[in-house]
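Here is the structure we will look at, set down as structure tokens.
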Amino acid sequence: MSAPAWPTLPVLPDPATDAILGSGLLEELAYAFGGPFHFLLPDAFDANLRALRAALTRAGVDGSVYFAKKANKAAVWVERCAAGGAGVDVSSAGELREALGHGVRGEDLMVTGPAKSRALLGLAVRQGALIAVDELGELDALITVAATGPGRPARLLLRCLPPGQPHSRFGMDDAELATALERCVQAGVTVRMEGFSFHLAGYAVQPRTDLAGRLVARCLKARAAGLHARRISVGGGLAVSYTDAASWRTFLAEQRGDHYHAGRTFTADDFYPYHSPAAGGGALRALLEARPSGGDRPLREVLRDSGTELVLEPGRALLDKAGATVFAVQGVKDRQGYQIVTVDGTSLSLSEQWFGSEYLPDPFLLPRDPRSRGGVHPASIGAATCLESDMLTWRKIPFTRRPRPGDLLVYPNTAGYQMDSNESSFHDLPLPPKVVIDGTGRPRPRWRLDRHFT
Ligand SMILES: Cc1ncc(COP(=O)(O)O)c(C=O)c1O
């Protein structure tokens, strides 16, 4: 069978990951751990943070970045936020403790998520964290907690139900926001109402610019009512491009049911958009340059002229190219026209597989025997479990040599949501450890364990 018959999705070039793949380190670590593991590249995280800040600076906009911790549990990201002066967006008492414990100051935390417990609200107020209030009942609870507790005002944003996504279970509609504003005014110095927030599903830029423009107008009204209201948070959702435009287009045009194990079928809508014209810092630049609907000025001017700060809560975009996941091949069996490779881990380490979707970027095969022969060897990747549906890749990947037991399979760019959101010790398999690789420019990469094992 000729290679073009099998769709591929090559990742964008990444010299740091390439250097590690070629260094021999992964083979050593696979031997040391005797099972799957993740490696993390904090230099990439720093670079992504710098790109976002550069976009803010270039636009002349005041802004703050809070890393959405839910996207990856490793401690190293929080340490990088603390070192780099970024904030952390947390959604549970556990995440809040982790962020504090790894060096982020309380006032650099943002607490998001629905119907937060009183314990979390109390902790957040005591630490001086910014709290995105999701509903009126939570606002009442927060006012009570702040009035009776820690002796400092509750810093808050009011989360808005996006008019374009009215079925979202998060945020408040117009009437609820009006009531919330009244309650904030009545609460006086018990609260410091700093502005509004939203988080949109999807990755489109214009709806974010539109809603940001509306929230600036809301801030101006709130200020007129005596509230502080000088910040708006546009949440997360800055896209990441895993591949180039042409590869993505070709993949979508070519892929069909017989390219997948068991005839699985996917439509384009089932997939994350693995290429976006504007991604990371570029998406932020586009967001700031776009004009909110009904206005004639770019968002950056609207923010600047109104003295409003832009808050961002990126998860995935800060983790772009910041880590990968390594499995060893345990077995290879033949099926009609392709192989099924079984690796020593599970698809719980590749979360996309649990959302009726597929993590598409091509994994790299590192053969144990580099002399192994070439050719085209399509193979799907299964987990070392007894679940029929536990597939790391349903797609038949056209490997250029036949996978063999002992080879390594490296799934690239998995730090954003793939690695550990869903991991559990199913079958009593240990959770894959996380290895931090510092200073990827060195002749020989240096590694350590992240302090987080769960
Ligand atoms: C409130 C909030 N902020 C930020 C994020 C991070 O989004 P992303 O990783 O797409 O940047 C999420 C993701 O669900 C979220 O719910």
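How much area per residue is accessible in the chain when the probe is 1.4 Å and only protein heavy atoms are counted (Å²)?
I get 41 Å² per residue for this part.
For region 69-211, what does the alpha-carbon gyration tensor say about shape, rounded, prolate or oblate, given a ≥ b ≥ c as the root eigenvalues, a/c under 1.5 as rounded, and a/b over b/c as prolate?
Oblate is the answer for region 69-211, as a/c is 1.5 or above yet b/c matches or exceeds a/b.
For LYS434, give me every one of the aspartates and glutamates with a C-alpha distance below 14 angstrom, ignoring sequence neighbours fewer than eight places off in its own chain.
Excluding near neighbours in sequence, the set is ASP420, GLU423, ASP450.
Near GLU79, within a Cβ-to-Cβ distance under 10 Å, what is the net charge of the other residues, with Lys and Arg +1 and Asp and Glu -1?
With Lys, Arg at +1 and Asp, Glu at -1, the net is +1.
Ordered by residue, what ³J(HN,Hα) values in Hz, to whole numbers, does region 62-73 give under the Karplus form 6.51 cos²θ - 1.76 cosθ + 1.60, where θ = phi - 60° and Gly and Pro are x?
For region 62-73, the Karplus-derived couplings read 6, x, 9, 10, 10, 5, 6, 4, 4, 6, 6, 8 Hz, x marking Gly and Pro.
Got a number for carbon plus sulfur as a percent of the chain's accessible area, 1.4 Å probe? Present the calculation step by step, with values, prior to reporting the outcome.
Numbers: 9700 of 18620 Å².
After summing per-atom areas, the C and S share lands at 52 percent.
If you place +1 on the Cβ of every Lys and Arg and -1 on the Cβ of every Asp and Glu, how big does the dipole about the Cα centre of the chain come out, in debye to the nearest 20? Walk me through the numbers on the way to the answer.
Working: 51 positive and 49 negative charges, 151 e Å.
Charge dipole of the chain: 720 debye, to the nearest 20.
I need the peptides 409-420, 145-156 ranked by packing, meaning the mean over residues of other C-beta atoms within 10 angstrom, with the highest value on top.
My ranking of the peptides, most packed first, is 409-420, 145-156.
In percent, what relative contact order does region 273-408 have, based on Cα pairs under 8 Å that are 6 or more apart in sequence?
Averaging sequence separation for qualifying contacts and normalising by length gives 23 percent for region 273-408.
So which lysines pass the test for LYS396, namely a Cα distance under 22 Å, with those fewer than 8 places away in the same chain ruled out?
LYS333
Can you classify the chain as rounded, prolate or oblate using the Cα gyration tensor, where a ≥ b ≥ c are the square roots of its eigenvalues, rounded means a/c under 1.5, and otherwise it's prolate if a/b beats b/c and oblate if not?
Taking the square roots of the gyration eigenvalues as a ≥ b ≥ c, the chain is prolate.
Can you show me the helix-derived [θ] at 222 nm for the chain, built from DSSP H runs with n ≥ 4 at -39,500 (n - 2.57) apiece and divided by the number of residues, rounded to the nearest 500.
Values: 12 runs with 136 residues, N = 454.
Theoretical 222 nm ellipticity from helices: -9000 deg cm²/dmol.
The values are calculated or read from the model by the stated rules, or taken from the named source; none is laboratory data. Since we're looking at a predicted model, the values are computed, not measured. When we count neighbours, we look across all protein chains shown, and the Cβ atoms used for this are built from the backbone with ideal geometry, even at glycine. The protein model used for the area step is the full one, side chains on, heavy atoms only, and it has no ligands, DNA or RNA in it. Shrake-Rupley method; radii C 1.70, N 1.55, O 1.52, S 1.80 Å.
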